[in-house]
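Engineer: If you scroll down you'll find the structure; I have some questions about it.
The values are calculated or read from the model by the stated rules, or taken from the named source; none is laboratory data. Just so you know, these numbers come straight off a predicted model, no measurement behind them. Using ideal geometry, Cβ is built from the backbone for each residue, glycine included, and neighbour counts are taken over all protein chains shown. Ligands, DNA and RNA are excluded from the accessible area calculation, which covers all protein heavy atoms including side chains. Shrake-Rupley method; radii C 1.70, N 1.55, O 1.52, S 1.80 Å.
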Amino acid sequence: MFAKVCSAAVLGIEAYPVVVEVNSDFGDTVIVIVGLPDTAVRESRDRVVTALNNGGFRFPLGRTTINLAPADVRKEGPSFDLPIALGLLAASEQISDSPLEDYCVVGELALDGTVRPVKGILSIALRARAEGWSGMLVPTENASEAAVVQGLDVIPVPNLRAAVSFLEGDVRLEPTRVDVNRLFALPNDDDLDFAEVKGQESVKRALEIAAAGGHNVLLIGPPGTGKSMLARRLPGILPPLTLDEALETTKIHSILGLLAPGQALVTRRPFRTPHHTASDAGLLGGSMNPTPGEISLAHHGVLFLDELPEFKRSVLETLRQPLEEGRVTISRAAGTVTFPAEFMLIAAMNPTPDGRMPGESRCSPREIQNYLSRISGPLLDRIDLHVEVPAVPFRDMTASTPGESSATIRDRVVAARQRQQARFAHRPRVACNARMQPRDLKACCALDESTLELLKTAMADLRLSARAFDRILKVARTIADLAHADRIASAHVCEAVQLRNLDRQLWG
């Protein structure tokens, strides 16, 4: 007998349909799995056989061939256990195969028949809706995540016996429902607030500008001045995630199995802090079959690189393309995969190896130069704001008056982002000022003659590159948006130039 079960697998962060074809025929009792299965898929044969026996089902005798189509794409992971088991039961006529036509089935089987959760279920659910399937059979632990996708009946199955009983009509399993609005309304457990930061008003202003325009920031200052403390509070002033952003972010975390038990959706902007010993593959993604790295996990959020010069220079150079294009492409023998990587880069560093400013450092000029040269000029050009974080005066540390709260700053940031959304309504790929393309600069960043002359003088005095010129215009446009100004004025350009001047003092 022949039977087929619809399933899906993940490649990159997107899912593609997989048809599990099962054919039971005469001959010696043997199971053959074809269709480029990896080790985990080949081992499903033993898990499925044991689960069927422990569930009280009859194992089909004779030669059984299982094909995972399309056969030219490598299949990974244990998510095909449940569809293979149901296909074997249908091929041996222990269940009817007609209900299987309407459902996408995924799940790993334990030896006792329990259905265990799998990775990437959100991507699979989105593919199931796109393919027109009416529902999904998924592990109970994955049901909330899959149910985020509207217009799809997500049936949670705790074990193989329950899945069979549901398909045969003996048991009714209610589809899982999730209120997405309630997920976004849940209180934030993260209590980090800018009100707790003493002093550093100029740095807070720079971070507000960065959040309003999606700009990259380099914080430079001695140890103990609050660089990490300030960076960790940046997500609290960013605009809330939209549903589309949350779905895209959740897909990445789901593929790597980073969602907490019972978590249906990532509703807070990610904040990733890789250690400075991270490799190229750890930052970009990689392995034999490419998986997302730290920069993709920071998608729609913040990537914080503390002690920037301590990272390998080769690792830092890999950031240049993602910072420009908002995505990273990885090529391996198994194929080429593109991961989204639209993140804000927040980097922190000491000005010299001993942490002091150059005029106060005990390090030799060569030692300082070697330290600073670990960061290349092209990478610096891609960082919009270079901000000095000075030591906090004693009067600020002992002040009893709290600083401005994150909620107040976020209101101004959201208002500035709304102005940008209205401006770029016809350009869906441009979400904020930092993502403007050259043609957008010409249309949105026009300068009058006096302001243009001011910028010309700054470019000549500071020996800025053409890329730095574009970055200054983008930052000036953001400053104007925060001021509710339609045109960029000289004061906006002056502040943008000042926020780009520090690197010239250190790097020459």
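Engineer: Does I383 satisfy being assigned to a loop (DSSP other than H, G, I, E, B), modelled with pLDDT of 90 or more, open to solvent by less than 40 Å² (accessible area, probe 1.4 Å) and within 30 Å of L323 (Cβ to Cβ)? First the steps, then the outcome.
Structural biologist: Details: assigned to a loop (DSSP other than H, G, I, E, B): yes; modelled with pLDDT of 90 or more: yes; open to solvent by less than 40 Å² (accessible area, probe 1.4 Å): yes; within 30 Å of L323 (Cβ to Cβ): yes.
In short, yes.
Engineer: Can you pull out every residue in the range 44-61 that is surrounded by fewer than 15 Cβ atoms within 10 Å (Cβ to Cβ) and either of a type in the set (G, A, S) or not in a helix (DSSP H, G or I) (or both)? Lay out the reasoning, then the answer.
Structural biologist: First, the residues of the range 44-61 that are surrounded by fewer than 15 Cβ atoms within 10 Å (Cβ to Cβ): 46, 53, 56, 58, 61.
The answer is G56, R58, L61.
Engineer: May I ask you to verify whether T336 is polar (S, T, N, Q), out of contact with any Gly (no Cβ under 6 Å at 6 or more places or on another chain), assigned to a loop (DSSP other than H, G, I, E, B) and open to solvent by 30 Å² or more (accessible area, probe 1.4 Å)? Break it down stepwise before answering.
Structural biologist: Values: polar (S, T, N, Q): yes; out of contact with any Gly (no Cβ under 6 Å at 6 or more places or on another chain): yes; assigned to a loop (DSSP other than H, G, I, E, B): no; open to solvent by 30 Å² or more (accessible area, probe 1.4 Å): yes.
Judged against the criteria, T336 is not a match.
Engineer: Still on this structure, I have one more. Name every residue in the range 413-426 that is surrounded by fewer than 14 Cβ atoms within 10 Å (Cβ to Cβ) and over 24 Å from the mean Cα position of the chain (by Cα), in order of residue number.
Structural biologist: From the range 413-426, those surrounded by fewer than 14 Cβ atoms within 10 Å (Cβ to Cβ) are 418, 421-422, 425-426; that's our starting set.
Selection gives A422, H426.
Engineer: Which condition does D190 not pass, out of (1) touching a Pro at 6+ places or on another chain (Cβ under 6 Å); (2) open to solvent by 60 Å² or more (accessible area, probe 1.4 Å), if it passes all the others?
Structural biologist: It fails just one condition, (1).
Engineer: Separate question: Looking at the range 22-74 only, could you name the residues that are in contact with a Pro (Cβ under 6 Å, 6 or more places away or on another chain) and within 21 Å of E101 (Cβ to Cβ)?
Structural biologist: Listed by number, the list holds a single entry, S24.
Engineer: Out of all the residues in the range 1-50, which are over 30 Å from G285 (Cβ atoms), without any contact (Cβ under 8 Å) to a residue 40 or more places away in the chain and not charged (D, E, K, R)?
Structural biologist: Of the residues in the range 1-50, the ones over 30 Å from G285 (Cβ atoms) are 1-5, 21-32, 45-46, 48-50.
Keeping just the survivors that are without any contact (Cβ under 8 Å) to a residue 40 or more places away in the chain gives 26-32, 45-46, 49.
Answer for the range 1-50, where residues must be over 30 Å from G285 (Cβ atoms), without any contact (Cβ under 8 Å) to a residue 40 or more places away in the chain and not charged (D, E, K, R): F26, G27, T29, V30, I31, V32, V49.
Engineer: Now a separate question. Would you check which residues across the range 193-213 are in contact with a Ser or Thr (Cβ under 9 Å, 6 or more places away or on another chain), part of a loop (DSSP other than H, G, I, E, B) and either surrounded by 23 or more Cβ atoms within 10 Å (Cβ to Cβ) or among the hydrophobic types (A, V, I, L, M, F, W, C) (or both) and list them?
Structural biologist: Q200, the sole residue that qualifies.
Engineer: May I pose another question? So E108 passes all but one of these: (1) of a type in the set (D, E, K, R); (2) surrounded by fewer than 19 Cβ atoms within 10 Å (Cβ to Cβ); (3) over 21 Å from V178 (Cβ atoms). Which condition number does it fail?
Structural biologist: (2)
Engineer: What number goes with the only condition from (1) free of Cβ contacts under 8 Å to residues at least 12 places away in the same chain; (2) over 20 Å from V157 (Cβ atoms) that S98 does not pass?
Structural biologist: (2)
Engineer: Could you say which residue among R395, R429 is modelled with pLDDT under 90, loosely packed, with under 12 Cβ neighbours inside 10 Å, more than 28 Å from the chain's Cα centre (by Cα) and farther than 23 Å from D503 by Cβ?
Structural biologist: Numbers: R429 fails: more than 28 Å from the chain's Cα centre (by Cα).
None of the others qualify; the one that does is R395.
Engineer: Scan the range 357-380 and give yes if some residue there is touching a Gly at 6+ places or on another chain (Cβ under 9 Å) and under 22 Å from A496 (Cα atoms), otherwise no.
Structural biologist: No, the range 357-380 contains no residue that is touching a Gly at 6+ places or on another chain (Cβ under 9 Å) and under 22 Å from A496 (Cα atoms).
Engineer: For the range 119-138, give me each residue that is under 26 Å from the mean Cα position of the chain (by Cα) and surrounded by 24 or more Cβ atoms within 10 Å (Cβ to Cβ).
Structural biologist: G120, I121, L122, S123, I124, A125, A128, M136, V138
Engineer: Could you run through the range 432-476 and say how many residues are among the hydroxyl-bearing types (S, T, Y) and either under 26 Å from Q418 (Cα atoms) or buried (at least 17 other Cβ atoms within 10 Å of the Cβ) (or both)?
Structural biologist: Our first condition is that a residue be among the hydroxyl-bearing types (S, T, Y); within the range 432-476, this holds for 450-451, 457, 465.
Next cut, either under 26 Å from Q418 (Cα atoms) or buried (at least 17 other Cβ atoms within 10 Å of the Cβ) (or both) only: 451.
Total satisfying the criteria: 1.
Engineer: Quick one: in the range 366-380, of everything that is part of a loop (DSSP other than H, G, I, E, B) and in contact (Cβ under 8 Å) with a residue 24 or more places away in the chain, which residue is most open to solvent (accessible area, probe 1.4 Å)? Full working, then the answer.
Structural biologist: As a first pass, look at the range 366-380 and keep what is part of a loop (DSSP other than H, G, I, E, B): 373-376.
Cutting the leftovers down to in contact (Cβ under 8 Å) with a residue 24 or more places away in the chain gives us 374-376.
On the way: R374: 94, I375: 5, S376: 5 Å².
So the residue we want is R374.
Engineer: When S144 is evaluated against the numbered criteria (1) open to solvent by 20 Å² or more (accessible area, probe 1.4 Å); (2) in contact (Cβ under 8 Å) with a residue 40 or more places away in the chain; (3) within 27 Å of V266 (Cα to Cα); (4) part of a loop (DSSP other than H, G, I, E, B), which criterion, by number, is the only one it fails?
Structural biologist: Against the list (1) open to solvent by 20 Å² or more (accessible area, probe 1.4 Å); (2) in contact (Cβ under 8 Å) with a residue 40 or more places away in the chain; (3) within 27 Å of V266 (Cα to Cα); (4) part of a loop (DSSP other than H, G, I, E, B), S144 comes up short only on (4).
Engineer: Then there is this: Out of S490, S406, I need the residue that is open to solvent by 20 Å² or more (accessible area, probe 1.4 Å) and not aromatic (F, W, Y). Which one? Even if it seems obvious, please write down each step before you answer.
Structural biologist: On the way: S406 fails: open to solvent by 20 Å² or more (accessible area, probe 1.4 Å).
When all the criteria are applied, what remains is S490.
Engineer: Among (1) in contact with a helix residue (DSSP H, G or I) (Cβ under 6 Å, 6 or more places away or on another chain); (2) touching a residue at least 24 places away in the same chain (Cβ under 8 Å); (3) not in a loop (DSSP other than H, G, I, E, B), where does P156 come up short?
Structural biologist: Tallying (1) in contact with a helix residue (DSSP H, G or I) (Cβ under 6 Å, 6 or more places away or on another chain); (2) touching a residue at least 24 places away in the same chain (Cβ under 8 Å); (3) not in a loop (DSSP other than H, G, I, E, B), P156 fails exactly one: (2).
Condition check ((1) at pLDDT below 95; (2) over 12 Å from the mean Cα position of the chain (by Cα)) across all residues:
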| position | (1), (2) |
| --- | --- |
| G257 | yes, yes |
| A264 | yes, yes |
| F271 | no, no |
| H276 | yes, yes |
| A281 | yes, yes |
| G285 | yes, no |
| N289 | yes, yes |
| P292 | yes, no |
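Engineer: Quick one: would you say Q94 is under 18 Å from L247 (Cβ atoms), assigned to a loop (DSSP other than H, G, I, E, B) and out of contact with any Leu (no Cβ under 7 Å at 6 or more places or on another chain)?
Structural biologist: For Q94, the condition - under 18 Å from L247 (Cβ atoms), assigned to a loop (DSSP other than H, G, I, E, B) and out of contact with any Leu (no Cβ under 7 Å at 6 or more places or on another chain) - is not met.
Engineer: Can you tell me which residue in the range 347-372 is farthest from L323 (Cα to Cα), limited to those that are in contact with an Asp or Glu (Cβ under 7 Å, 6 or more places away or on another chain) and not hydroxyl-bearing (S, T, Y)?
Structural biologist: From the range 347-372, those in contact with an Asp or Glu (Cβ under 7 Å, 6 or more places away or on another chain) are 348-349, 353, 361-363; that's our starting set.
Still in the list and also not hydroxyl-bearing (S, T, Y): 348-349, 353, 362-363.
On the way: A348: 17, M349: 19, P353: 27, R362: 35, C363: 32 Å.
Ranking the qualifying residues of the range 347-372, first place goes to R362.
Engineer: Hey, another quick one. Do we have any residue at all in the range 75-83 that's aromatic (F, W, Y) and in contact with a Ser or Thr (Cβ under 7 Å, 6 or more places away or on another chain)? Quick ask: steps written out before the conclusion?
Structural biologist: To start, the set of residues in the range 75-83 that are aromatic (F, W, Y) comprises 80.
Still in the running and in contact with a Ser or Thr (Cβ under 7 Å, 6 or more places away or on another chain): 80.
Checking the range 75-83: at least one residue is aromatic (F, W, Y) and in contact with a Ser or Thr (Cβ under 7 Å, 6 or more places away or on another chain).
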